[in-house]
There are 2 protein chains.
Amino acid sequence: MSADLATLARMAQKLRRHSLETTAEAGSGHPTSCMSCAEIVSVLFFDEMRFDPKDPSGRDQDVFVLSKGHAAPILWAALKEAGAIDDDLMSLRRLGSPLEGHPTPTCPWVRVATGSLGQGVSAAAGMALGRRLDGSRGRVYALLGDGEAAEGAVWEAAQFASFNRLDNLCAVLDANRLGQSGPTMYQHDTAVYADRFRAFGWDVAVVDGHDVAALRAAFAKARATSGRPFAVVARTLKGKGVSFLENKEGWHGKTVKKGEELAKAVGELGDTGVTLSLEARRYEPAPARPGGEPVLDPDYRLGQEVATREAYGTALAKLARVCPDVVALDGDTKNSTFSERLKEAAPERFVEGYIAEQNMIGVALGLSTEGKIPFASTFACFLTRAYDFIRMASYSRPSHLVLCGSHAGVSIGEDGPSQMALEDLAMMRAIAGATVLYPSDAVSGERLVEQAARTAGIVYIRTSRPKTKVLYANEEYFPLGQSKTLRASAGDRATIVAAGVTVHEALAAHEALAKQGLAVRVIDLYSVKPIDAETLRKAASDTKAIVTVEDHSVCGGIGEAVAAVVAGFAPVTTLGIREMPRSGTPRELLAAHGIDAAAIAAAVRRALGR
Amino acid sequence: MSADLATLARMAQKLRRHSLETTAEAGSGHPTSCMSCAEIVSVLFFDEMRFDPKDPSGRDQDVFVLSKGHAAPILWAALKEAGAIDDDLMSLRRLGSPLEGHPTPTCPWVRVATGSLGQGVSAAAGMALGRRLDGSRGRVYALLGDGEAAEGAVWEAAQFASFNRLDNLCAVLDANRLGQSGPTMYQHDTAVYADRFRAFGWDVAVVDGHDVAALRAAFAKARATSGRPFAVVARTLKGKGVSFLENKEGWHGKTVKKGEELAKAVGELGDTGVTLSLEARRYEPAPARPGGEPVLDPDYRLGQEVATREAYGTALAKLARVCPDVVALDGDTKNSTFSERLKEAAPERFVEGYIAEQNMIGVALGLSTEGKIPFASTFACFLTRAYDFIRMASYSRPSHLVLCGSHAGVSIGEDGPSQMALEDLAMMRAIAGATVLYPSDAVSGERLVEQAARTAGIVYIRTSRPKTKVLYANEEYFPLGQSKTLRASAGDRATIVAAGVTVHEALAAHEALAKQGLAVRVIDLYSVKPIDAETLRKAASDTKAIVTVEDHSVCGGIGEAVAAVVAGFAPVTTLGIREMPRSGTPRELLAAHGIDAAAIAAAVRRALGR
């Protein structure tokens, strides 16, 4: 059903017209960034890609990722012209319209939110990998700009794709020469991009991005390439097709004015009356995937010493055995996070991301769009590397995306501050809709992994390096948004709120204070977000003071979360990391930073004026 | 004074011995990662680099960055053998010793903290650029591992260095084949790394990294290369020199046991009795740099409408005129952050970082070590891209490092969530020692830029997209750790704490409530961290309720910071972003997320039960 070349070229002009008109109506947006890729989008949507305009699921179809998200208007235009959406294009950027300023899954054809540049290829690689895991034939196309090729994450994705021989992945680089505030680094020197993609293991075609025949030929070559991904490096002109916009500086993110200016621009586009009726094109269905519920049975003895990071790995391996959708990714730390246990249990579902955390999160997100339940782990401090990817992943509203950060806090000891996550709770709590879990022992560790697999959206699990005593019976259940009150009596004078390693310090402080005749309540806040406001407020009412203690910065973590909930009910003392840590033993550092049992007991006494 | 090749080789063995012995004593560390680079370090420190072992300032000398920070023990060993430090090598990783598990500036020879991989080349590029700006001749050497070459940030740094023709920069890639949890992506295929460096514009030599003659020749070639940076790709063996460690898996981050095992390992190294007396080698002194104090005079009218991001640019340009150390960096957003105003005022001190935020921060940090006062700006949301770099920069304890994030919050409007920073306050507050500033008008904007230039360490300035009314007189001063009480009366029933755009909403709410006979206090919390605890506690005592309002996530920002300070004094209602935003107009979004004047007034009435 291929359209002829002249029709594809005319469709490109029509897409330009939509881009100009909808952004002019909205009064903001990036029409010229759409115009450079009009032929690319026309050829992809109306010739190359096999998809069913009535089915946005992507199942047994080719899928598309607009990495250069600011070109959203041309994506909406192409979807409309393809009969895939029936939204009013003129609602672009209006509150309530799925046609947002940058793509989000509010439009069902958008698999991942884009708009922070340099992230689309990682997600596309994850989709391509997911398809290979499932034996599904649909190809994945990602369109990126030349400006965003400066992002190192693009090259992380490039190396991942070639290393994993993802020949179902095709990237198109729209080299339109002009960035937001001036020319891009290499302008129209397309050889630079071609050399780099080749050096990163890709096959490459360099084409005139406004030549529909050349584009079609390049995509055919990409489709025929096996064993490696393919990059189409397209030389284009920003604002192409309108004399006063084309290849001109000063027109990034700027719309033409409605009225005369718009009429002049549209007039220059010539005949835009073409319509194309797309018929559904699908691949043969992929094999059905076996189902399986994520359930597990912890098997520990009370008092046994097990690190929560180890419990994470154990639980992950158990989940993988019963739930075929579970996959794990790691950043060359699998022997420390214990994700290697999944690799032993189900090697085909372990993805080694090497030391490239941004790409690891992007790939995990892409896998999620293919129906997987990805668990991505590394040292918690190194998840900071991927914060922008995590933020954008939240806007992608993934069915599942579990992150695990191990080696949290100063309790790692001698390796020093570079390896200590002290910001991860703040970082993850600030993500809208994210769930933040923090086990204190092996049973809660396993149970929270189980919860994570059952919870929609982004779930963060924080694990610790040191071994800690098992506190809970294997049957204990850990619902989100609740907590465990480990010590309580009618005479409690204060409440200690702790999580993770500090739960054990809090219990020791409880014991020490009890010997001094001071009864205190101890709460294990394993669900940091959502938080158990009810129990905390009751504790604040029942007792005279709250002392929080966390192996994390005092800013943005457990202490402030608790304070916001109990303010007005009781004063809150927040114990946590205030100064830059140094190398030392775990015990020395817990003491030096005032979060060990002695410091907690002292804080309780101070809070009670004793 | 060059040492002969045999002596350099023996020094390498001695450095191996130190690495084995000190990590065995510490009981943790990465001896095998040190052993692969022993010849590289020996040739660099005892032959190639020109430096004065008595002067760690780096002035008129070559400097070294250990990007593969886990090889710290061999750095300490080399410094000790060179006569540069007199610390006991056996104090490695002990609390209080400057010889930390990964390098930090507690040792004066460490210019930037390392240990999160893939960051050293960016910092080194910043140093190289700073030297060129100052006409200083010392070269910069960065040693990285093959595992960390998977980090995209390495390639951001590579492209930056070649784009800026930094021929005073030399990177050495220690390709020892083995990562933490298994082989690296390309193991001993050194051609991959050579191809990539070449594709990114570098000259390259591939050498046997245990051949001191080959290394010396490569460094000579690097020194003679002009117009581009130089990479030495060295094929090495992890654990080289000891039969049971050499090229063996399972020995990452593992020490040999004291006693028999250590004796056997040391025995295999042969003669390690060499000593070398290094004499000072320096370049001719760089030209003296003119001084200049960062002072400025805002020039606005009360009520004038100016965006704080524009005030930032205006202030930056003024500072550049009076203070030659001020430099600006941006990530292709200079026309939005207004850093382009500095470019107009002092083009030679503007660094275009293109869309590569990690490298931008790394370069800024490197510039800081050369005595600059760098201001690095982009959209606040894109600073999340560089969170790991920011975290590590804090451990580098820079004299100055100012970050500016513009376009904060939902008040940007139509571009949608990908462009809205909702996590930046949480992220920056969690950094130990960081200062977080948030101007609400042009005068405070300029004054806080001035403060930032005078404040040591990391300072974050959050600016807004919309124009806001000038609230303060040009003479107003904004000390860190204080706040401005904009409305107050003896009869205040509640206190609204706001910052940035919400200050203006708070003032409107105050007016609306006044009309209803309800007096409320309004505080502009321009210094988010350090926070003005005294004023907040007084307000909490004086009034019955606190309502905080921020264009940011309710987690980790202003609301929780205030709650932690006033808990016990008054209940706190935190208004902020709780749900994922969409595209819409600024006013629609402020209303939809409950942070406009009407929502604030309603919250005050609710808090007072009215």
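Find all pairs meeting these conditions: Cβ atoms under 6 angstrom apart; at least six residues apart or on different chains; first residue within the range A:287-308 and more than 24 Å from A:HIS407 (Cβ to Cβ); second residue loosely packed, with under 10 Cβ neighbours inside 10 Å. Between residues of the range A:287-308 that are more than 24 Å from A:HIS407 (Cβ to Cβ) and residues that are loosely packed, with under 10 Cβ neighbours inside 10 Å, the close pairs are A:PRO287/A:GLY135. Report yes if B:THR333 is surrounded by fewer than 24 Cβ atoms within 10 Å (Cβ to Cβ) and among the β-branched types (Val, Ile, Thr), otherwise no. Considered against the rule, which asks whether it is surrounded by fewer than 24 Cβ atoms within 10 Å (Cβ to Cβ) and among the β-branched types (Val, Ile, Thr), B:THR333 comes out as yes.
Would you pick out the residues in the range A:382-393 that are facing chain B (nearest Cβ under 7 Å) and of a type outside the set (Phe, Trp, Tyr)? A:THR384, A:ARG385, A:ASP388, A:ARG391, A:MET392, listed by residue number.
Look at A:ARG341 and say whether it is under 22 Å from A:VAL470 (Cβ atoms), surrounded by 24 or more Cβ atoms within 10 Å (Cβ to Cβ) and basic (Lys, Arg). When the stated conditions are applied, A:ARG341 does not pass them. When you check B:GLY201 against the structure, is it closer than 18 Å to B:VAL121 by Cα and within 31 Å of the chain's Cα centre (by Cα), yes or no? Answer is yes for this residue.
Take A:LEU302 and decide whether it is more than 23 Å from A:ASP415 (Cα to Cα), part of a loop (DSSP other than H, G, I, E, B) and among the hydrophobic types (A, V, I, L, M, F, W, C). It is true that A:LEU302 is more than 23 Å from A:ASP415 (Cα to Cα), part of a loop (DSSP other than H, G, I, E, B) and among the hydrophobic types (A, V, I, L, M, F, W, C).
If only one of A:LEU173, A:LEU169 is modelled with pLDDT of 95 or more, away from chain B (no Cβ under 14 Å), out of contact with any Lys or Arg (no Cβ under 6 Å at 6 or more places or on another chain) and buried (at least 22 other Cβ atoms within 10 Å of the Cβ), which one is it?
Details: A:LEU173 fails: away from chain B (no Cβ under 14 Å).
Of the residues listed, the single one that is modelled with pLDDT of 95 or more, away from chain B (no Cβ under 14 Å), out of contact with any Lys or Arg (no Cβ under 6 Å at 6 or more places or on another chain) and buried (at least 22 other Cβ atoms within 10 Å of the Cβ) is A:LEU169.
Cβ-Cβ distances below 9 Å connect the following pairs, each with a first residue in the range A:540-566 that is more than 9 Å from chain B (Cβ to nearest Cβ) and farther than 13 Å from B:VAL562 by Cβ, a second residue that is basic (Lys, Arg) and assigned to a loop (DSSP other than H, G, I, E, B), and a separation of six or more residues or different chains: A:THR543/A:ARG493; A:LYS544/A:ARG493.
So that you can scan it fast, the table gives a plain yes or no per residue for (1) modelled with pLDDT under 95; (2) surrounded by fewer than 20 Cβ atoms within 10 Å (Cβ to Cβ); (3) away from chain B (no Cβ under 14 Å):
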| site | (1), (2), (3) |
| --- | --- |
| A:ALA191 | no, yes, no |
| A:ALA214 | no, yes, yes |
| A:ALA218 | no, no, yes |
| A:ALA224 | no, yes, yes |
| A:GLY227 | no, yes, yes |
| A:THR236 | no, no, yes |
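Just one of the listed residues (A:GLY500, A:GLY481) is surrounded by fewer than 22 Cβ atoms within 10 Å (Cβ to Cβ) and on the phi > 0 side of the Ramachandran plot, namely A:GLY481.
Within the range B:303-359, the set of residues being hydroxyl-bearing (Ser, Thr, Tyr) and within 14 Å of chain A (Cβ to nearest Cβ) comprises B:THR333, B:SER336, B:THR337, B:SER339, B:TYR354. Of all residues in the range B:397-435, those being buried (at least 24 other Cβ atoms within 10 Å of the Cβ) and of a type in the set (D, E, K, R) number 4.
In the range B:366-381, the residue that is farthest from B:ALA452 (Cα to Cα) out of those that are within 14 Å of chain A (Cβ to nearest Cβ) and in a helix (DSSP H, G or I) is B:CYS381. Screening A:GLY413 on (1) more than 10 Å from chain B (Cβ to nearest Cβ); (2) out of contact with any Phe, Trp or Tyr (no Cβ under 9 Å at 6 or more places or on another chain); (3) closer than 19 Å to A:PHE338 by Cβ shows it passes everything except condition (1). Cβ-Cβ distances below 7 Å connect the following pairs, each with a first residue in the range B:583-597 that is under 24 Å from A:THR23 (Cα atoms) and within 7 Å of chain A (Cβ to nearest Cβ), a second residue that is part of a helix (DSSP H, G or I) and of a type in the set (A, V, I, L, M, F, W, C), and a separation of six or more residues or different chains: B:GLY584/B:ALA592. Of all residues in the range A:335-366, those satisfying the criterion of being farther than 14 Å from A:VAL154 by Cα and within 11 Å of the chain's Cα centre (by Cα) are A:ALA364, A:LEU365, A:GLY366. Looking only at the range A:139-149, residues that are in a strand (DSSP E or B) and either of a type in the set (Gly, Ala, Ser) or closer than 15 Å to B:GLY118 by Cα (or both) come to 2 in all. Residues in the range A:193-212 that are under 22 Å from A:LYS14 (Cα atoms) and either surrounded by fewer than 17 Cβ atoms within 10 Å (Cβ to Cβ) or within 14 Å of chain B (Cβ to nearest Cβ) (or both): A:ASP208 only.
Residues that are in a helix (DSSP H, G or I) and free of Cβ contacts under 8 Å to residues at least 24 places away in the same chain within the range B:4-20 comprise just one, B:ALA6.
For the range B:561-610, give me each residue that is in a loop (DSSP other than H, G, I, E, B) and in contact with a strand residue (DSSP E or B) (Cβ under 7 Å, 6 or more places away or on another chain). I'd like the intermediate steps shown before the answer.
First pass over the range B:561-610, keeping only residues in a loop (DSSP other than H, G, I, E, B): B:567-571, B:578-585, B:593-596, B:608-610.
B:ALA567, B:GLY568, B:ALA570, B:PRO571, B:HIS593, B:GLY594, B:ILE595, B:LEU608, listed by residue number.
Contact map, the range A:245-267: first residue part of a helix (DSSP H, G or I), second residue crowded, with 16+ Cβ neighbours inside 10 Å, Cβ cut-off under 6 Å, separation 6 or more or different chains; pairs are A:LEU262/A:ALA24; A:LEU262/A:VAL256; A:ALA265/A:LEU20; A:ALA265/A:VAL242; A:ALA265/A:VAL256; A:VAL266/A:ARG17.
When the range B:150-205 is filtered for residues that are touching a residue at least 60 places away in the same chain (Cβ under 8 Å), assigned to a loop (DSSP other than H, G, I, E, B) and hydroxyl-bearing (Ser, Thr, Tyr), only B:SER181 remains. Among the residues making up the range A:516-535, those that are of a type outside the set (Lys, Arg), touching a residue at least 40 places away in the same chain (Cβ under 8 Å) and over 16 Å from A:ALA607 (Cα atoms) are A:ILE523, A:ASP524, A:LEU525, A:TYR526, A:SER527, A:VAL528, A:PRO530, A:ILE531, A:ASP532, A:THR535.
Suppose the filter is in the same structural domain as A:ARG137 (by TED's automatic domain parsing) and within 28 Å of the chain's Cα centre (by Cα); does A:GLY253 pass it?
Working: in the same structural domain as A:ARG137 (by TED's automatic domain parsing): yes; within 28 Å of the chain's Cα centre (by Cα): yes.
It is true that A:GLY253 is in the same structural domain as A:ARG137 (by TED's automatic domain parsing) and within 28 Å of the chain's Cα centre (by Cα).
The values are calculated or read from the model by the stated rules, or taken from the named source; none is laboratory data. Keep in mind that what you see is a predicted model, and the values were worked out from it rather than measured. Note that each Cβ is placed from the backbone with ideal geometry, even for glycine, and that neighbours are counted across all protein chains shown.
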